[in-house]
Amino acid sequence: MKTQLFAIMLVLGLAGCAKANFVNSNSVVQDGIEYYLQTDKAVYDLGENVRMLHRVTNVSGNLVDIEGVLNCEWGWTHFIITDDGNNDIWEYLHGPPPCGWTTLHLEPDESKEYQKTWNMMNDNGTDRTLDDFPVGPGSYNIKAELFRDGGYERVPVSVSIEIIPEPATLLLLGLGGLLLRKRD
């Protein structure tokens, strides 16, 4: 029985590690623009940083102007992370900062991208960090879109990730179970 339990844990661990190393991405093409979102992997250990990349690419073959885009030096992408119950967990940016709006000019095949890291903290719906707290294991959805003025359509693109307990926790749980069985 111990050997079977160990084998099951080993297979599950290896499967999780294999999936965790794949880049996780999705894209939407609308009006000659590809909206692309990528995370560095699909499965994360609890406490890891989640690296996100949002890219817009002109795939139309003509010059494209995207009007009403946030004009901030620290980014123009609106990231929203929710849990499986669609509860807001984290948001970048909560509202438009006072940096104005611009037009994004994209030549044919030109891309612009923005990268952001999420530290697995629940921002509690605020910009303040004093009320933040760590998230737990589970499934989370990441959505990215250009942060645009209210009069312009946003095109969201999303991916899902899994957060699992770190391997040491799984190992301790497995060993604890074995010890309890042996004790009985």
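The values are calculated or read from the model by the stated rules, or taken from the named source; none is laboratory data. The structure displayed is predicted, hence computed values, not measured ones. Backbone-built Cβ (ideal geometry, glycine too); neighbour counts: all protein chains shown.
Taken as a whole, the condition of being in a strand (DSSP E or B), touching a residue at least 40 places away in the same chain (Cβ under 8 Å), touching a helix residue (DSSP H, G or I) at 6+ places or on another chain (Cβ under 9 Å) and surrounded by 12 or more Cβ atoms within 10 Å (Cβ to Cβ) does not apply to GLU113. When the range 116-140 is limited to residues that are surrounded by 12 or more Cβ atoms within 10 Å (Cβ to Cβ) and aromatic (Phe, Trp, Tyr), the one that is farthest from TRP74 (Cα to Cα) turns out to be TYR140. Pairing residues of the range 16-44 that are over 10 Å from VAL56 (Cα atoms) and modelled with pLDDT of 95 or more with residues that are in a helix (DSSP H, G or I) and basic (Lys, Arg), at Cβ distances under 9 Å and at least 6 apart in sequence or on separate chains, gives LYS41/LYS19; ALA42/LYS19; VAL43/LYS19.
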